[in-house]
Amino acid sequence: MRLILVGPPGAGKGTQAVHLASHFSIPHISTGDIFRLNINGESELGLLGKSYMDAGNLVPDSVTNDMVADRLTYDDAKAGFLLDGYPRNIEQADFLKSVLEKAGTPLDAVLEFVLDNSEIIKRLSGRRACRGCGATSHVIFEAPKVAGVCDSCGGELYQRADDDESVIANRLSVYAQQTRPIIDYYKSTGLLRSISAVGEVSKIAASAITAIK
C-alpha cells in the first residue's frame, strides 16, 4: 500500500499516520524524519540540505526530491509506504509520480483529512504545554485538574507561540495557498479520498481504511 496523507495543521494527520502505518505494516515517512536521517548521517544530501538551513534558506525542491527518492529505495519501503508532508507542491508531485512510474509502483491513494478552520483554531489554541516536564493538555478536551497547573508534575502550563490564534490563522492561510493545488492535482487523478477528521481517532482511521478499499 502506497499512500500520501494531506490535511491542515490540527487535523490529527500525525496521529492517523501512526494508525494507518501500523494497520498496513508500512513505514510512516515524514519529511522531517528524512531530513534528520540525512543530516545526522552526514550524507551528501544531508550536508547540502543543512547548508541551506544554516543560511536561513529553504531547502530547494531538487534536494528534497532526491532525499525522498533515496528513502523510498530502502527495504522497508519496498512493500509500501505512507508519505507525510511530501509532496508540498505540484513540482514535487510530478517528480514523485515519475519516480514511482519508473519503479512500477504507483500510488494507491491520497488521503485528505478535512476539518473546518473554526474547529482547528479551537483545537490548537486550547493546547497547553508544561514548562517542567513538557506534558500537554487542553483547556477544553483534556483540562488539567487545576487551571494552569500540570497534572503530571505540578509545573506551569503555558500556550506555545505557534498555538496563538493569529499564528494559527496564518498557518491555515499558508496551507490553503500551498496545499490546495496539490489536493486538486490528486483529485483530478482519481486518487484523492476525503475523510472527515471529526470524531474519535479510531473511527476516523476506520473511515480512512474503508475509503482506500
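The values are calculated or read from the model by the stated rules, or taken from the named source; none is laboratory data. In this text, all values refer to a predicted model and were calculated from it rather than measured experimentally. In this analysis, Cβ positions are derived from the backbone assuming ideal geometry, glycine residues included, and neighbour counts consider all displayed protein chains.
For segment 153-172, a tally of residues being surrounded by 14 or more Cβ atoms within 10 Å (Cβ to Cβ) and either in contact with a Ser or Thr (Cβ under 7 Å, 6 or more places away or on another chain) or polar (S, T, N, Q) (or both) returns 4.
The helices (runs of 4 or more DSSP H) located wholly in segment 1-63 that include 1 or more residues which are more than 26 Å from Phe113 (Cα to Cα) occupy 31-40, 44-54.
Within segment 85-125, the set of residues being in contact (Cβ under 8 Å) with a residue 24 or more places away in the chain and in a loop (DSSP other than H, G, I, E, B) comprises Gly85, Tyr86, Pro87, Arg88, Asn89, Thr105, Pro106, Leu107, Asp108, Leu115. Only residues that are free of Cβ contacts under 8 Å to residues at least 24 places away in the same chain and in contact with a Lys or Arg (Cβ under 9 Å, 6 or more places away or on another chain) were counted across segment 6-40, and they come to 2.
Conditions tested, residue by residue: (1) at pLDDT 95 or above; (2) over 21 Å from Gly14 (Cα atoms); (3) within 20 Å of the chain's Cα centre (by Cα).
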| site | (1), (2), (3) |
| --- | --- |
| Leu58 | no, yes, yes |
| Thr64 | no, no, yes |
| Met67 | no, no, yes |
| Gly80 | yes, no, yes |
| Phe95 | yes, yes, yes |
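For segment 1-19, the set of residues classified as under 20 Å from Thr189 (Cβ atoms) and hydrophobic (A, V, I, L, M, F, W, C) consists of Met1, Leu3, Ile4, Leu5, Val6, listed by residue number.
Can you confirm whether segment 187-203 contains a residue that is in contact with a Gly (Cβ under 9 Å, 6 or more places away or on another chain) and assigned to a loop (DSSP other than H, G, I, E, B)? Yes, segment 187-203 contains a residue that is in contact with a Gly (Cβ under 9 Å, 6 or more places away or on another chain) and assigned to a loop (DSSP other than H, G, I, E, B).
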